[in-house]
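Every number in this text was worked out from the coordinates using simple rules, so none of it is lab data. From a predicted model like this one, the values you see are computed outputs, not experimental measurements. Glycine gets a Cβ as well: all are built from the backbone with ideal geometry, and neighbour counts include every protein chain shown.
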Amino acid sequence: MKTGPDEHEPDEHEPDEDDLTNTSLMERTSPMEITGKTALVTGANRGFGRHLAAQLRDRGATVYAAARNPAAVDLAGVTPIALDVTDPASVAAAAAATRDVAILINNAGSGTGASLLTGDLADIRLEMDTHFHGTLAVTRAFAPQLAEHEQSAILNVLSVLSWVSLPNISAYCAAKAAEWSLTNALRAELAPQGTRVASLHVGYMDTDLARHVTEPKSDPADIARIALDGIEAGEAEIVADEISKQVLAALSAGVRGLYPQVA
Ligand SMILES: NC(=O)c1ccc[n+]([C@@H]2O[C@H](COP(=O)([O-])OP(=O)(O)OC[C@H]3O[C@@H](n4cnc5c(N)ncnc54)[C@H](OP(=O)(O)O)[C@@H]3O)[C@@H](O)[C@H]2O)c1
């Protein structure tokens, strides 16, 4: 008696080889021009977001530079707009005040330095509110605008710390890991409307967030260039530095590979 699909008959829910080939081709090679597009960057008043906004402008995009305090945006040739990603009213107002956004960069981020075990619970919540709930809220608010375009893109600024946790800043790592899972969910949920979702993974960059770090830091201008090149190339996962490449490669080794000291 036959109890399940014949192993020689293709299952209708299982993608065949052609589908897989087409999907991976789409993921790797469908380019997207930044010139002429409208982009919005959260947390664009300083740090990495400021570099992203400046370079988007220089590549010919119309740029909304979103910030909690729009008066703090000091870039010429961009449109400052108020946006606190943790405030639903502010998110809704920003979405209502903008039009034509085809590239959304979820960059705003907090760095409380809290440990999950000993840190202040308010700091731990702030990390999740900013990186996870904030990114989710902004994405939901702007998804209809993105859908109006034949091609649109979201870049979520993640971290190598989405993949590996450091005990002294574990609340940040947990929030970045949650944002990574969110990103993966959004890739699938937004694909039908033609919005591709990319993640950026990077180690330390030389910004205020990492001001106490004494280890080597990347120049955020270089990483912004890699990120925007990745959007233009249609990459789904932009792994911007050596440490992120090493940790990505170690993921398949599981806990033993990532945390040899406790395995
Ligand atoms: N620096 C690193 O080593 C590093 C490494 C990997 C990933 N990242 C990620 O890169 C992104 C940018 O960080 P950064 O290094 O540029 O840090 P940063 O220099 O501290 O800048 C953080 C930015 O996020 C904004 N922000 C914070 N909370 C916000 C909120 N609730 N609503 C709107 N904007 C908010 C800040 O605005 P205010 O000026 O109003 O505070 C500021 O513009 C973050 O997602 C971070 O996790 C950083």
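Applying a threshold of 24 Å to the alpha-carbon distances of K217/K245; K37/K245; K176/K217 flags K37/K245 as lying beyond it.
Sort 242-255, 40-53 by packing, meaning the average of other beta carbons within 10 Å per residue, with the highest value first.
Working: 242-255: 13.5, 40-53: 26.5.
Peptide ranking by packing, descending: 40-53, 242-255.
Using every Cα-Cα pair within the chain, state what percent have a distance larger than 23 Å. Write down the numbers at each step before the final one.
Working: 18385 of 34453 pairs.
Result for the distance tail: 53 percent.
Normalised by the number of residues in the chain, the average gap of Cα pairs under 8 Å and 6 or more apart makes the relative contact order 18 percent. For the chain, the dipole from Cβ point charges (+1 on Lys and Arg, -1 on Asp and Glu) about the Cα centre works out to 1200 debye, to the nearest 20. The amide H of M32, built 1.01 Å from its N in the peptide plane, has A233, G234 as neighbours under 5 Å, considering only residues 5 or more places off or on other chains. Counted by neighbouring Cβ atoms within 10 Å, the residues F142, F132 run from fewest to most as F132, F142.
May I ask you to compute the full-extension gain from A250 to A233, defined as 0.36 nm times their residue separation minus their alpha-carbon distance, rounded to one decimal in nm? Working shown, then result.
Working: separation 17, 0.36 × 17 = 6.12 nm, distance 2.54 nm.
Between A250 and A233, full extension yields 3.6 nm more.
Projected onto its three principal axes, the C-alpha set of the range 214-263 covers 39, 30, 10 Å, listed from the longest axis down.
Values of log10 I(q)/I(0) for the range 143-188 across q = 0.18, 0.22 Å⁻¹ run -0.60, -0.74, by the Debye formula with one identical scatterer at each alpha carbon and no solvent.
If we count other beta carbons within 10 Å of each Cβ, what is the order of H131, H212, H149, H201, fewest first?
Numbers: H131 31, H212 8, H149 18, H201 23.
Fewest-to-most ranking of H131, H212, H149, H201: H212, H149, H201, H131.
Computed with the Debye formula from one identical point scatterer per Cα of the range 37-115, without solvent, the log10 of I(q)/I(0) at q = 0.12 Å⁻¹ comes to -0.30. Checking every one of the trypsin sites (Lys or Arg not before Pro) in the range 53-95 against DSSP loop status and a limit of 12 other Cβ atoms within 10 Å picks out no site at all. Can you give me the relative contact order of the range 204-261 as a percent, contacts being Cα pairs under 8 Å and 6 or more apart? Across the range 204-261, relative contact order equals 19 percent.
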